[in-house]
Amino acid sequence: INLAKIRSYLRDKPSIVHLVDKDFAIDNSVKDSKLKKLKRTIFDVASQQPYWGEQIPTRWFLLEQQLMKPRDDGVK
């Protein structure tokens, strides 16, 4: 995977503001050691967002739980 090409393509797109400086090429078919670093980076970036820590409606939380249930049950 040429991540530099992807970054170059996105350079002039509005979505470029959502990219971070780190790139992660992860193989989902095996237990990839880079996955832990990716999760940490996602957490770090998310926790810096201005809305971090805001309360959300209970209904949204319950919906999120329902959406995540298949994953938690091992459904792929």
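Taken together, the values in this text are just the output of simple stated rules run on the coordinates, not laboratory data. Everything numeric here is computed off the predicted structure, so don't read it as measured data. Note: ideal-geometry Cβ built from the backbone for every residue, glycine included; neighbour counts use all protein chains shown.
Quick notes
- Test: residue in region 17-38 that is assigned to a helix (DSSP H, G or I) and either of a type in the set (G, A, S) or in contact (Cβ under 8 Å) with a residue 60 or more places away in the chain (or both): no
- Take the conditions (1) outside any loop (DSSP other than H, G, I, E, B); (2) of a type in the set (K, R); (3) under 13 Å from the mean Cα position of the chain (by Cα); K5 misses just one of them, which is (3).
- Selection from region 48-67 of residues that are assigned to a loop (DSSP other than H, G, I, E, B) and either of a type in the set (V, I, T) or surrounded by 10 or more Cβ atoms within 10 Å (Cβ to Cβ) (or both): I56
- Across region 20-76, the number of residues qualifying as in contact with a helix residue (DSSP H, G or I) (Cβ under 9 Å, 6 or more places away or on another chain) and within 24 Å of R7 (Cα to Cα) comes to 9.
- When V45, V30 are checked against the criterion of being out of contact with any Leu (no Cβ under 9 Å at 6 or more places or on another chain), among the hydrophobic types (A, V, I, L, M, F, W, C) and either surrounded by fewer than 11 Cβ atoms within 10 Å (Cβ to Cβ) or on the phi > 0 side of the Ramachandran plot (or both), a single residue qualifies: V30.
- Looking across region 1-44, the residues that are under 22 Å from K76 (Cα atoms) and among the polar types (S, T, N, Q) come down to N28, S29, S33.
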